[in-house]
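Accompanying notes for the structure given below.
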Amino acid sequence: MDEIRIKKINRRKFIKRLIVIILSFEVFYLLLATLSIRRKKVKQLILFEAGDISNFENGQVYLFSSSHFFLYRFNDGGFLAMLNKCTHLGCVISYSEKNKRFDCPCHASSFDINGDVLSSPATRALDILPIVIDRGKIYVDVDNPIHRDSFDISQLKYA
């Protein structure tokens, strides 16, 4: 019969080979991480131009249905952009000029003029969108909604 030759390996060779294998995995991981960072696209900040400040009257709500938000200009001149989706299940809400509130047609949630919950099942205020005011124009960042629990005066943007 043929003899099976078993090659003996000493402890020193074993440790050297183990270190080489571990370092190989580490180098491979670093190469993959470097490639994935390069593949990630830099996200550009794209702002929706809502219009000139002078076009918005104090105490009025304006719907921008193409970009899915309401812009409310407070009586003191501050602006608040709110997403037109209910925080309960994401249904599209509408504004009732008569009642001065936002209503969800799906499950009867309602929100006051500041976006705070008036009636459940929604449990938190409407999400807001960052506003940038530059050279007399209002721009809204429609890609980065901000979740909030309730209205705070610091959320307003002034010219």
Worksheet entry | Count of residues meeting criterion [open to solvent by 30 Å² or more (accessible area, probe 1.4 Å) and assigned to a loop (DSSP other than H, G, I, E, B)] in the range 88-100 | 7
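Which members of the range 33-66 meet the condition of being of a type in the set (A, V, I, L, M, F, W, C), at pLDDT 85 or above and either part of a loop (DSSP other than H, G, I, E, B) or loosely packed, with under 12 Cβ neighbours inside 10 Å (or both)?
47, 56
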Worksheet item: Regarding residue 81, is this residue at pLDDT 95 or above and either buried (at least 18 other Cβ atoms within 10 Å of the Cβ) or not in a strand (DSSP E or B) (or both)?
Response: yes
Response to the item:
Of the residues in the range 133-159, those that are under 16 Å from the mean Cα position of the chain (by Cα), in a strand (DSSP E or B) and in contact (Cβ under 8 Å) with a residue 60 or more places away in the chain come to 140
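The values are calculated or read from the model by the stated rules, or taken from the named source; none is laboratory data. All of these numbers come straight from a predicted model, not from anything done at the bench. Note that we place each Cβ from the backbone using ideal geometry, even for glycine, and neighbour counts take in every protein chain shown. Calculation scope for accessible area: heavy atoms of the full protein, side chains included, ligands and nucleic acids excluded. Shrake-Rupley method; radii C 1.70, N 1.55, O 1.52, S 1.80 Å.
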